[in-house]
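The values are calculated or read from the model by the stated rules, or taken from the named source; none is laboratory data. Remember, it's a predicted structure, so these values are computed and weren't measured experimentally. Cβ placement follows ideal geometry from the backbone for every residue including glycine, while neighbour counts extend to all protein chains displayed.
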Amino acid sequence: MALVVSSGYAAGVPDDCTQLIVGLAPDWNSMRGQLQLFERPSGGTWTALAPPAPVLFGKQGLAWGSGLAGQGENGLRKTEHDGRAPAGIFQIGKIYTYDPQLPPGADFPFHQVTTADAWVDDVKSPDYNRFVTIPDPAKPPPWFEKQKMRHNDFAYRWLVEIRHNSDPPVPGAGSAIFFHIRRGVSRPSAGCTTMAESDLVKMISWMRSARHPSYVLLPATEYDKKWQGWHLPPPSSWKTDR
């Protein structure tokens, strides 16, 4: 369940990442999978914190995304509205929540979502795949209704940004990718990673920005191929749970 990690590598998990969220899907077309939290001391070994939790991915499965790793891979690429979750390694961005504060014990950058906030998924917009705040929610622009973030929807109480296609966004390569609460045990997302609220709150309470948490999402066969080159926990961490 541990892996010695050398410093100075150019690909895979960054040296300064000491918290890793690992998502594993049975195959590219699976909407279901598992998620496990790992941590390490700086330059040390990965250790799993708890058994994997069940999660849901895109309703069409996975496709290669763009983040810290994955954008150079051959195969199906993530596109807007394809119903697939992006595979690869990604930084974690800000937490967006309806609540005025994070769960007890949490300490991570967050923003309380207002009625003026939106996440843009219009591929023609200069703000594509960006968080924006409009000047006057009483007089919203025509695009705002479909892209606003404040829906009073229980599934969006906690949104944790997965930084896919972010630096900079490429129009049409996929937008608005988050961790959030699942709508049901058999209701996958349009491309996000969703789970029971208790598991999401546990993850939020555990993350610390100073530890530079990252998310890796892969099908099992790709994980087996890449864990060493990408400096991930070994597949043996998952064998009993696949």
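Got a sec? Which of Asp122, Asp117 is among the charged types (D, E, K, R), surrounded by fewer than 20 Cβ atoms within 10 Å (Cβ to Cβ) and farther than 29 Å from Pro103 by Cα? Even if it seems obvious, please write down each step before you answer.
On the way: Asp117 fails: farther than 29 Å from Pro103 by Cα.
Testing whether each residue is among the charged types (D, E, K, R), surrounded by fewer than 20 Cβ atoms within 10 Å (Cβ to Cβ) and farther than 29 Å from Pro103 by Cα leaves just Asp122.
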From the list Arg84, Arg40, which one is crowded, with 18+ Cβ neighbours inside 10 Å, more than 27 Å from His151 (Cβ to Cβ) and among the charged types (D, E, K, R)?
-> Arg40
Pairs only if they're at least six apart or on different chains, beta carbon under 6 angstrom, first in the range 78-94 and outside any strand (DSSP E or B), second surrounded by 22 or more Cβ atoms within 10 Å (Cβ to Cβ); list them, first residue then second.
-> Lys78/Ala63; Lys78/Gly65; Lys78/Arg84; Lys78/Pro86; Lys78/Gly174; Glu80/Gly174; Gly83/Gly58
So how many residues does the range 176-199 have that are over 17 Å from Ala25 (Cα atoms), outside any loop (DSSP other than H, G, I, E, B) and not hydrophobic (A, V, I, L, M, F, W, C)?
-> 4
Listed by first then second residue, the pairs whose first member lies in the range 100-116 and is closer than 16 Å to Glu197 by Cα, whose partner is among the aromatic types (Phe, Trp, Tyr) and outside any loop (DSSP other than H, G, I, E, B), with beta carbons under 6 Å and at least 6 positions apart or on separate chains, are Leu102/Phe110
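Going by the conditions given, is Val132 surrounded by fewer than 17 Cβ atoms within 10 Å (Cβ to Cβ), part of a strand (DSSP E or B) and touching a residue at least 12 places away in the same chain (Cβ under 8 Å)?
yes
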From the options Ala173, Ala118, residue that is closer than 18 Å to His81 by Cβ, assigned to a loop (DSSP other than H, G, I, E, B) and under 19 Å from the mean Cα position of the chain (by Cα) = Ala173
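Give Glu161, Glu197, Glu145 a once-over and let me know the one that is more than 13 Å from the chain's Cα centre (by Cα), of a type in the set (Asp, Glu) and modelled with pLDDT of 95 or more. Quick ask: steps written out before the conclusion?
On the way: Glu161 fails: more than 13 Å from the chain's Cα centre (by Cα); Glu145 fails: modelled with pLDDT of 95 or more.
One residue alone meets the criteria, Glu197.
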Exactly one condition in (1) in a helix (DSSP H, G or I); (2) surrounded by 20 or more Cβ atoms within 10 Å (Cβ to Cβ) is not met by Lys202; state its number.
-> (2)
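Residues checked against (1) of a type in the set (A, V, I, L, M, F, W, C); (2) closer than 27 Å to Thr115 by Cβ:
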position	(1), (2)
Glu161	no, yes
Ser175	no, yes
Trp206	yes, no
Val216	yes, no
Thr221	no, no
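Please determine, by comparing only the residues of the range 1-45 that are of a type in the set (Ser, Thr, Tyr) and modelled with pLDDT under 95, which one is nearest to Ala85 (Cα to Cα). Step through it out loud before you land on a result.
Taking the range 1-45 and keeping what is of a type in the set (Ser, Thr, Tyr), we get 6-7, 9, 18, 30, 42, 45.
Subsequent filtering for residues that are modelled with pLDDT under 95 retains 6-7, 9, 42, 45.
Values: Ser6: 29, Ser7: 29, Tyr9: 26, Ser42: 29, Thr45: 28 Å.
Residue satisfying both the conditions and the ranking: Tyr9.
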